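Input: a single structure, listed below in structure tokens.
The values are calculated or read from the model by the stated rules, or taken from the named source; none is laboratory data. Quick caveat: nothing in here was measured; it's all calculated off a predicted structure. For neighbour counting, all protein chains shown are included, and Cβ atoms are generated from backbone atoms with ideal geometry for every residue, glycine included. With ligands, DNA and RNA removed, areas are computed over all heavy atoms of the protein, side chains included. Shrake-Rupley method; radii C 1.70, N 1.55, O 1.52, S 1.80 Å.
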Amino acid sequence: MSRILDQRILLLVISFSASVQSTKALSAWKKCGDPECEKAMSRVQATTDYLGPDCRYLNFTTGEEIMVYSKLSRENENLWTGSKGKDFGYFPRDAVKVEEVLTGEEVEVLTKETDFLCLHEDKYTFE
């Protein structure tokens, strides 16, 4: 009985640590094409397959087209945010090449807590 309890506690600790990591802010700042971050900044093409570490990330395969809506700045400039079809999330900028720039002006704004939540089937998942 004690062994089962120890295993359950270990699973609970692992689960809690994973959920804290998946809601952690990746940066305090981001750059967007407009103050509301609603305007697409560019269209990019995947140069490699990418599978993100958690549900906040956009998974894609080589050749897929992605619309970029924001770029994290200051502490974590390697991550961009974009969509392909109905999927939306973060991805490394070095996994894509820019095909078309849609806006020449970038506005730096503070990120929000909701920027780092998982989105499943049009609903936010609060962990």
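With every protein chain left in place and a probe of 1.4 Å, what is the accessible surface of E36, to the nearest 10 Å²?
Spelled out: E36, probe radius 1.4 Å, area about 120 Å².
Dipole magnitude of the range 23-127 about its Cα centre, charges +1 at Lys/Arg Cβ and -1 at Asp/Glu Cβ only, in debye to the nearest 20? Walk me through the numbers before you get to the answer.
On the way: 14 positive and 21 negative charges, 25 e Å.
Roughly 120 debye, rounded to the nearest 20.
Quote the accessible area belonging to E38 in square angstrom, nearest 10, computed with a 1.4 Å probe and with ligands, DNA and RNA left uncounted.
Estimated to the nearest 10 Å², E38 gives 140 Å².
Per-residue accessible area for D94 at 1.4 Å probe radius, Å² rounded to 10?
Per-residue accessible area (D94): approximately 120 Å².
Counting Lys and Arg as +1 and Asp and Glu as -1, what is the net charge of the other residues whose Cβ lies under 11 Å from the Cβ of K30?
-1
If we count every other residue with Cβ under 15 angstrom of L110's Cβ, Lys/Arg +1 and Asp/Glu -1, where does the sum land?
-2
Would the range 26-104 count as rounded, prolate or oblate if I go by the C-alpha gyration tensor, calling it rounded below 1.5 in a/c and otherwise prolate when a/b exceeds b/c, oblate otherwise?
Taking the square roots of the gyration eigenvalues as a ≥ b ≥ c, the range 26-104 is oblate.
Grab the other residues whose beta carbon is less than 10 angstrom from that of F60, score K and R as +1, D and E as -1, and report the net.
Taking every Cβ under 10 Å from that of F60, the sum is -3.
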